[in-house]
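Visitor: Provided herewith is a single structure, encoded as C-alpha cells, for subsequent inquiry.
The values are calculated or read from the model by the stated rules, or taken from the named source; none is laboratory data. Just so it is clear, the model here is predicted, and its values are computed rather than measured. Glycine gets a Cβ as well: all are built from the backbone with ideal geometry, and neighbour counts include every protein chain shown. The protein model used for the area step is the full one, side chains on, heavy atoms only, and it has no ligands, DNA or RNA in it. Shrake-Rupley method; radii C 1.70, N 1.55, O 1.52, S 1.80 Å.
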Amino acid sequence: MADERPVRRSSKVKVAEFLAGIGEDTVFTKFQLFDGVPGVAQVDRRMRDLRDLGWQIDNYKTDPRLQPDQYRLTTIGTRIDLGEQPKQSPRQRISPARRREALERAGHLCQTCGTRAGERYPDSDQTAVLSVRFIDPTPPVDTDVANLSVECQQCIAGIRAAGAASSPKPDDVLTRTLSLNSREEKRRLYRLMQSGRPERDEVDLIFAGWLRLGRDDRVEVMLQLAGALIEED
C-alpha cells in the first residue's frame, strides 16, 4: 500500500507560497504575514531567508514610504514552493567586520546625500538608517571595502525606483569632472574621491543637529538666531 502521509513542507516554503499568493508590488503588514503563515516560528526570519533566493522584500528601512509594520514584495525569486531549485549560488553576504569598516570609512554618512545615521530627514519624521551594499554585485563578488557603498533608505529607494538607467557612465562623470571651472573645485572633488565620503560644512552640521531637537527647542534656537541677525544688521 502506498504511503499516503502528507509531504511535510519547510517553513521557508510556506512563506514563499504565501508571498507568491499576494503577488509582486504588494504591501502587507507583519500581522498579515503571521496570519497567512500560521504555526511557523520566527516567520519574519524565514521571510528574510528568501532574499538569498532572489526575493526582494522591502521594509521601512529600505523604503521610506512604508510604515514600521509594513513590507513590500518587490520581486519574486526562486519559487521553492513549486519545487524550483536556485539558479544561482546564495547571495554573497557582507561580514560584520567589513560592514563596520565601510561605515567608518564613510564617517557614518550616506555616501549619496551626506545624511548622518540617525539624522532626521527635513521632509519627514523618519530618521536615516544606513545600509551597506555591494557597488558591483556580479559574481564572483569582490568583498573589498572599495566595492562597498553606504547609503540611507531614501537614497536606496530612489536608486531602485530609477533602475539601471540611473547608473552614470564613466565618460559622463569624467566630462563633468574636467569641466569644473576652478582648480579648487577639482581639488575638493579629488579629496572626496580619496575619502569616499561627502564633505559637509559647519552650517550643514549645525542644521542637522537642529533637526534632531524637540519642536519647542527648534523654535527657541531659530528665534535666537533671528535676534542675532537683527543685531548684526
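Visitor: Of all residues in segment 23-49, count the ones that are surrounded by 17 or more Cβ atoms within 10 Å (Cβ to Cβ), within 20 Å of Ala157 (Cβ to Cβ) and among the aliphatic types (A, V, I, L, M).
Guide: Counting residues in segment 23-49 that are surrounded by 17 or more Cβ atoms within 10 Å (Cβ to Cβ), within 20 Å of Ala157 (Cβ to Cβ) and among the aliphatic types (A, V, I, L, M) gives 1.
Visitor: A further question follows. Please find, within segment 104-131, the residue that is most open to solvent (accessible area, probe 1.4 Å) out of those that are charged (D, E, K, R) and closer than 21 Å to Leu66 by Cα. If you could, list the steps in order and put the result at the bottom.
Guide: Going residue by residue through segment 104-131, those that are charged (D, E, K, R) are 104-105, 116, 119-120, 123, 125.
Of the ones still in play, those that are also closer than 21 Å to Leu66 by Cα are 116, 119-120, 123, 125.
Details: Arg116: 86, Glu119: 10, Arg120: 65, Asp123: 120, Asp125: 144 Å².
Among residues in segment 104-131 that are charged (D, E, K, R) and closer than 21 Å to Leu66 by Cα, the one most open to solvent (accessible area, probe 1.4 Å) is Asp125.
Visitor: Sticking with this one: Which one of these does Lys87 not meet: (1) modelled with pLDDT under 90; (2) charged (D, E, K, R); (3) surrounded by 18 or more Cβ atoms within 10 Å (Cβ to Cβ)?
Guide: (3)
Visitor: Output the residue which, of all residues in segment 90-103 that are touching a residue at least 12 places away in the same chain (Cβ under 8 Å) and open to solvent by 50 Å² or more (accessible area, probe 1.4 Å), is farthest from the chain's Cα centre (by Cα). Talk me through it step by step, then tell me what you get.
Guide: Our first condition is that a residue be touching a residue at least 12 places away in the same chain (Cβ under 8 Å); within segment 90-103, this holds for 90-92, 94-95, 98-99, 101-103.
So of that shortlist, the ones also open to solvent by 50 Å² or more (accessible area, probe 1.4 Å) come out as 90-92, 95, 98-99, 101.
Details: Pro90: 20, Arg91: 16, Gln92: 17, Ser95: 17, Arg98: 17, Arg99: 13, Glu101: 17 Å.
Only one residue fits best here, namely Pro90.
Visitor: If the requirement is being outside any helix (DSSP H, G or I) and not acidic (Asp, Glu), which of these qualifies: Leu19, Leu33, Leu50, Leu73?
Guide: Details: Leu19 fails: outside any helix (DSSP H, G or I); Leu33 fails: outside any helix (DSSP H, G or I); Leu50 fails: outside any helix (DSSP H, G or I).
Exactly one residue qualifies, and that residue is Leu73.
Visitor: Follow-up question, since we're still on this one. In segment 132-142, what residues are out of contact with any Ser or Thr (no Cβ under 6 Å at 6 or more places or on another chain) and open to solvent by 60 Å² or more (accessible area, probe 1.4 Å)?
Guide: So the first thing to find is which residues in segment 132-142 are out of contact with any Ser or Thr (no Cβ under 6 Å at 6 or more places or on another chain), and the list is 132, 134, 136-142.
Asp136, Pro137, Thr138, Pro139, Pro140, Asp142, listed by residue number.
Visitor: Can I ask one more? With respect to Ala20, is the statement that it is modelled with pLDDT under 85, farther than 21 Å from Val132 by Cα and either surrounded by 13 or more Cβ atoms within 10 Å (Cβ to Cβ) or not polar (S, T, N, Q) (or both) true?
Guide: Numbers: modelled with pLDDT under 85: no; farther than 21 Å from Val132 by Cα: yes; either surrounded by 13 or more Cβ atoms within 10 Å (Cβ to Cβ) or not polar (S, T, N, Q) (or both): yes.
No; evaluated as a whole, the condition is false for this residue.
Visitor: For segment 120-158, enumerate the residues that are among the hydrophobic types (A, V, I, L, M, F, W, C) and in a loop (DSSP other than H, G, I, E, B). I'd like the intermediate steps shown before the answer.
Guide: Going residue by residue through segment 120-158, those that are among the hydrophobic types (A, V, I, L, M, F, W, C) are 128-130, 132, 134-135, 141, 145-146, 148, 150, 152, 155-157.
The answer is Ala128, Val129, Ile135, Val141.
Visitor: If you don't mind, another one. For segment 185-221, which positions are of a type in the set (Lys, Arg), modelled with pLDDT of 70 or more and either assigned to a loop (DSSP other than H, G, I, E, B) or open to solvent by 70 Å² or more (accessible area, probe 1.4 Å) (or both)? Explain how you work it out, then say what you get.
Guide: Pass one, segment 185-221, residues of a type in the set (Lys, Arg): 186-188, 191, 197, 200, 212, 215, 218.
Add one more test, that the residue is modelled with pLDDT of 70 or more, and what stays is 186-188, 191, 215, 218.
Once the filter is applied, which keeps residues that are of a type in the set (Lys, Arg), modelled with pLDDT of 70 or more and either assigned to a loop (DSSP other than H, G, I, E, B) or open to solvent by 70 Å² or more (accessible area, probe 1.4 Å) (or both), segment 185-221 yields Lys186, Arg187, Arg188, Arg191, Arg215.
Visitor: Something else: Taking segment 58-75 as the search range and keeping residues that are touching a helix residue (DSSP H, G or I) at 6+ places or on another chain (Cβ under 6 Å) and modelled with pLDDT of 85 or more, which one is surrounded by the most Cβ atoms within 10 Å (Cβ to Cβ)? Break it down stepwise before answering.
Guide: Looking only at segment 58-75, we keep the residues that are touching a helix residue (DSSP H, G or I) at 6+ places or on another chain (Cβ under 6 Å), and these are 61-64, 69, 73.
This time we only want the ones that are modelled with pLDDT of 85 or more, so: 69, 73.
Numbers: Asp69: 13, Leu73: 21.
Selected residue: Leu73.
Visitor: Restricting the search to segment 159-171, which residues are in a loop (DSSP other than H, G, I, E, B) and either modelled with pLDDT under 70 or in contact with a His (Cβ under 7 Å, 6 or more places away or on another chain) (or both)?
Guide: Ser167, Pro168 - these are the residues of segment 159-171 that are in a loop (DSSP other than H, G, I, E, B) and either modelled with pLDDT under 70 or in contact with a His (Cβ under 7 Å, 6 or more places away or on another chain) (or both).
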